[in-house]
Amino acid sequence: MRAFSLDLRQRVLADYQAGLCFAELGRKYTTSAEWVRQFIRRFEATGEVAARPPRIKKLPFHWRHEADLRAALAAQPDLTLEGLRAKLGLDVSIGTLWNALRALKISFKKNARGGRAATAGRRRQPGGVSSPATRRVGPGPVRLSR
């Protein structure tokens, strides 16, 4: 969105000093009454009439530190998030670091075969049926009653 021209700002200021209210100024110059109010309040506080320069937006964390993150994980792929944060000397939360790795599509903590770093326990066959080798044949455990 482009800023309003200096000429328009000066006319709005002149009409405000002549006694028009914010709503009337907004209708007259086809702006919002809220913009007029903010502009007048800023003028009264600082004396500025001209538009302020656009804010320079900071690059996202994962763009600024992409090379460092990739290099650290290539050198030591089994680093935990806490270890990675300590190694790079970053003052960010674990969540920020995790989101950065997800945004960069970097996976970590993998073993050499490309699977999980630790076993996830015994897994069932698709469909919930156990394999024939582990299927129990015969009656279940016997209970003795007293």
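Only the coordinates and a few stated rules stand behind these numbers; no lab work does. Since the structure is predicted, the reported quantities are computational estimates derived from the model, not experimental observations.
Things to note:
- At 1.306 mPa s and 10 °C, Stokes D of the stretch 1-88 from Kirkwood alpha-carbon radius, µm² per second: 94 µm²/s
- Less than 5 angstrom separates the built amide H of residue 65 from none of the residues sequence-distant by 5 or more or on a different chain.
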